[in-house]
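Trainee: Shown below is the structure under consideration.
The values are calculated or read from the model by the stated rules, or taken from the named source; none is laboratory data. Quantities reported herein were computed from a predicted structural model and do not represent experimental measurements. Note that we place each Cβ from the backbone using ideal geometry, even for glycine, and neighbour counts take in every protein chain shown.
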Amino acid sequence: MNKRVVITGMGIYSCIGKTLDEVAESLYLGRSGVIFDPARKAAGFRSSLTGTVEKPNLKGVLDRRERICLSEEASYAYIATRQAMEQARLDSDYLENHEVGIMYGNDSSADAVVSSVDVIREKKDTTLVGSGAIFQSMTSTVTMNLSVIFKLKGINLTISAACASGSHTIGLASLLVRSGLQDIVVCGGAQEINMPAVGSFDGISAFSIREDEPARASRPFDRDRDGLVPSGGAATVIVESYESAVRRGAPILAEILGYGFSSNGDHISVPNVWGPVRSLEMAVKASGINLRDIEYVNAHATSTPVGDTNEAKALNQVFGSVNPWVASTKSMTGHEMWMAGASEVIYSVLMMQRGFIAPNINFEHPDEDSARLRIPTQTIQSGFDCFLSNSFGFGGTNSSLVVRKLNSKK
Amino acid sequence: MTRSELIDKVNEVLIEEFEVDGSLITPDAPLLATLDLDSLDLVDMVVLVEQNFGFTVKAPDFANIKTFNDFYNLIQERTTLQVVA
């Protein structure tokens, strides 16, 4: 069985918008969601820069038991998933009576863990952490909570693959749908935004310290980049078989053509060129399309010196003279880490639907490798039918997805 | 604090924490059934008592608590708040 796999719903809760329309507007305008958080400086952080979102108030929306088990990132994922389900026309009756799965990318729930340990250390009594702590503290907090809230009965699985978590999740779900094992999988990525989650990351000097200019700090591919800006929120994508979408009368937003993956087998934190090349080539081959059909690449590029250079080398090697548009939406969002692979598929689908390419803001001076890429510095008023989205993570985990408009004639 | 004030405070924290209709709370009403508490919720009851009344209840303490009145008695007996008869 080799089914076509489509996207029928999207939901987003990010620092550049809490609805699809808000996010599309931010992308179009090249608007940054990065701020300076003075609490981080007071706590000893090297960098106080971060993307930020409000904590959703779910009182009156979810009952007490549902609320107290939700971690911060799971609350973001709940909002994003509700939006996506609404767009995909998945209601509670359908969910009750069909095997809809959930796979979500998440790789930490640090704030919940630290808060619990603080209580235990102070009170010397584990009971006093309360009943919600364990369900907030596990990395699978998103899938365990959302599967209960939405009464999902298919696969129930969290994918932890560092900053490629969200992308691998969509890729693996697409394989399950393509093979006929699942008709619909709720997919996505979630990322907590708090100091315990990123303190150790700050500690290895990975973050930009351009603190006097928060909106200009994340500058992927720019010669003067000095590190990434941590960010977060949640993004949900409903992955479904084409037949199921047609049968349900769901909107078909795009088709997932291919998924590529690889492991560098190399350094814990420094990416290389060959691993991403293999992931890119695998995704293109799996898609069954010509390289020339890919008109836009949503790069992983996080604004770190080595990471962006090696991705630029990989893209130059794979695409050569084809030269598609290449941009990193992280220039606006910062690095949404566990969420990024899912959110960047949404950002790219929004641009594909609405006929523009968002600028790679803050790209002012190319370096030797980025000079060979076609990187937009202003919004491009031009549609595209097919894109590739890259996501790479610590340990050298790589994921690439190829997505196209349904029935593109190109 | 009088016993009446203590009861008001207990009811207030229970209503806030467990989101129950206050009109259902009477001295003779069954505590666990009225608040719809399962075993996980009892953990939160322990937290609530510690945070608001300054002592730690243990699971065996609940064995003898059937009604709200039983609960008020337990709180009055062990709280670090000053309660006058």
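Trainee: Here are some residues: A:Ala80, A:Ala133. Which one is among the small types (Gly, Ala, Ser) and within 19 Å of the chain's Cα centre (by Cα)?
Mentor: Numbers: A:Ala133 fails: within 19 Å of the chain's Cα centre (by Cα).
A:Ala80 is the lone residue from the list that is among the small types (Gly, Ala, Ser) and within 19 Å of the chain's Cα centre (by Cα).
Trainee: With the condition kept exactly as written, say whether any residue in segment A:295-303 is aromatic (Phe, Trp, Tyr) and within 25 Å of A:Asp385 (Cα to Cα).
Mentor: Checked against the condition, which is being aromatic (Phe, Trp, Tyr) and within 25 Å of A:Asp385 (Cα to Cα), segment A:295-303 yields at least one hit.
Trainee: Moving on. What do you reckon, is A:Val198 within 22 Å of A:Asn407 (Cβ to Cβ) and β-branched (Val, Ile, Thr)? Lay out the reasoning, then the answer.
Mentor: On the way: within 22 Å of A:Asn407 (Cβ to Cβ): no; β-branched (Val, Ile, Thr): yes.
It is false that A:Val198 is within 22 Å of A:Asn407 (Cβ to Cβ) and β-branched (Val, Ile, Thr).
Trainee: A further question follows. If I filter segment A:47-77 down to residues being within 19 Å of the chain's Cα centre (by Cα) and among the hydroxyl-bearing types (Ser, Thr, Tyr), which single residue comes out as surrounded by the fewest Cβ atoms within 10 Å (Cβ to Cβ)?
Mentor: The extreme case among them is A:Thr52.
Trainee: On the given criteria, is A:Ile209 in contact (Cβ under 8 Å) with a residue 12 or more places away in the chain, farther than 30 Å from A:Gly227 by Cβ and either touching a Pro at 6+ places or on another chain (Cβ under 7 Å) or not in a helix (DSSP H, G or I) (or both)? Quick ask: steps written out before the conclusion?
Mentor: On the way: in contact (Cβ under 8 Å) with a residue 12 or more places away in the chain: yes; farther than 30 Å from A:Gly227 by Cβ: no; either touching a Pro at 6+ places or on another chain (Cβ under 7 Å) or not in a helix (DSSP H, G or I) (or both): yes.
Judged against the criteria, A:Ile209 is not a match.
Trainee: Regarding B:Ser23, is this residue among the polar types (S, T, N, Q), under 26 Å from A:Leu62 (Cβ atoms), at the interface with chain A (Cβ under 10 Å from one of its Cβ atoms) and surrounded by fewer than 15 Cβ atoms within 10 Å (Cβ to Cβ)?
Mentor: Values: among the polar types (S, T, N, Q): yes; under 26 Å from A:Leu62 (Cβ atoms): yes; at the interface with chain A (Cβ under 10 Å from one of its Cβ atoms): no; surrounded by fewer than 15 Cβ atoms within 10 Å (Cβ to Cβ): yes.
The answer is no for B:Ser23.
Trainee: Moving to a separate point now. Of all residues in segment A:118-145, which are under 20 Å from A:Ile102 (Cβ atoms) and more than 11 Å from every other protein chain (Cβ to nearest Cβ)?
Mentor: Within segment A:118-145, A:Gln136, A:Ser137, A:Met138, A:Thr139, A:Ser140, A:Thr141, A:Val142, A:Thr143, A:Met144, A:Asn145 qualify.
Trainee: So, restricting to helices (runs of 4 or more DSSP H) that lie completely within segment A:108-188, which ones have at least 2 residues that are of a type in the set (Asp, Glu)?
Mentor: Working: elements: A:110-123, A:133-137, A:141-149, A:165-178.
Where helices (runs of 4 or more DSSP H) fall fully within segment A:108-188 and carry at least 2 residues being of a type in the set (Asp, Glu), they are A:110-123.
Trainee: Oh, and also: Taking the residues in segment A:276-293 that are among the aliphatic types (A, V, I, L, M) and farther than 21 Å from A:Asn2 by Cβ as candidates, determine which candidate is surrounded by the most Cβ atoms within 10 Å (Cβ to Cβ). Talk me through it step by step, then tell me what you get.
Mentor: Start the filter on segment A:276-293 by keeping residues that are among the aliphatic types (A, V, I, L, M), which leaves A:277, A:280, A:282-284, A:286, A:289, A:291.
Now drop any that are not farther than 21 Å from A:Asn2 by Cβ, which leaves A:277, A:280, A:291.
Details: A:Val277: 18, A:Leu280: 26, A:Leu291: 16.
Among residues in segment A:276-293 that are among the aliphatic types (A, V, I, L, M) and farther than 21 Å from A:Asn2 by Cβ, the one surrounded by the most Cβ atoms within 10 Å (Cβ to Cβ) is A:Leu280.
Trainee: Can you tell which of A:Arg89, A:Arg121, A:Arg178 is over 27 Å from A:Gly258 (Cβ atoms) and either free of Cβ contacts under 8 Å to residues at least 12 places away in the same chain or not β-branched (Val, Ile, Thr) (or both)? If you could, list the steps in order and put the result at the bottom.
Mentor: Details: A:Arg89 fails: over 27 Å from A:Gly258 (Cβ atoms); A:Arg178 fails: over 27 Å from A:Gly258 (Cβ atoms).
From the options A:Arg89, A:Arg121, A:Arg178, the qualifying one is A:Arg121.
Trainee: Which numbered condition in (1) in a loop (DSSP other than H, G, I, E, B); (2) within 12 Å of chain A (Cβ to nearest Cβ) is the only one that B:Glu17 fails?
Mentor: The number of the failed condition is (1).
Trainee: Can I ask one more? Where residues in segment B:49-70 are farther than 23 Å from A:Thr126 by Cβ and in contact (Cβ under 8 Å) with a residue 24 or more places away in the chain, which of them is farthest from the other protein chains (Cβ to nearest Cβ)?
Mentor: Going residue by residue through segment B:49-70, those that are farther than 23 Å from A:Thr126 by Cβ are B:64, B:66-70.
Filter again for in contact (Cβ under 8 Å) with a residue 24 or more places away in the chain, leaving B:66-70.
Details: B:Lys66: 22, B:Thr67: 22, B:Phe68: 19, B:Asn69: 24, B:Asp70: 21 Å.
Here the answer is B:Asn69.
Trainee: Related question: Restricting attention to segment A:356-394, which residues are among the small types (Gly, Ala, Ser) and either farther than 19 Å from A:Ala340 by Cα or not in a strand (DSSP E or B) (or both)?
Mentor: As a first pass, look at segment A:356-394 and keep what is among the small types (Gly, Ala, Ser): A:358, A:370-371, A:382-383, A:389, A:391, A:393.
Those that are among the small types (Gly, Ala, Ser) and either farther than 19 Å from A:Ala340 by Cα or not in a strand (DSSP E or B) (or both): A:Ala358, A:Ser370, A:Ala371, A:Ser382, A:Gly383.
Trainee: OK, next. Just wondering, is there one or more residues in segment A:344-360 that are surrounded by 24 or more Cβ atoms within 10 Å (Cβ to Cβ), within 18 Å of A:Arg225 (Cα to Cα) and outside the structural domain of A:Thr236 (by TED's automatic domain parsing)?
Mentor: yes
Trainee: Looking for whichever is hydrophobic (A, V, I, L, M, F, W, C), within 12 Å of chain A (Cβ to nearest Cβ), assigned to a helix (DSSP H, G or I) and closer than 25 Å to A:Glu66 by Cβ here; the options are B:Leu32, B:Leu40. Which one fits?
Mentor: Of B:Leu32, B:Leu40, the one residue that is hydrophobic (A, V, I, L, M, F, W, C), within 12 Å of chain A (Cβ to nearest Cβ), assigned to a helix (DSSP H, G or I) and closer than 25 Å to A:Glu66 by Cβ is B:Leu40.
Trainee: Quick one: B:Val46 ticks every box in (1) more than 14 Å from chain A (Cβ to nearest Cβ); (2) surrounded by 12 or more Cβ atoms within 10 Å (Cβ to Cβ) except a single one, so which number is it?
Mentor: The failed condition is (1).
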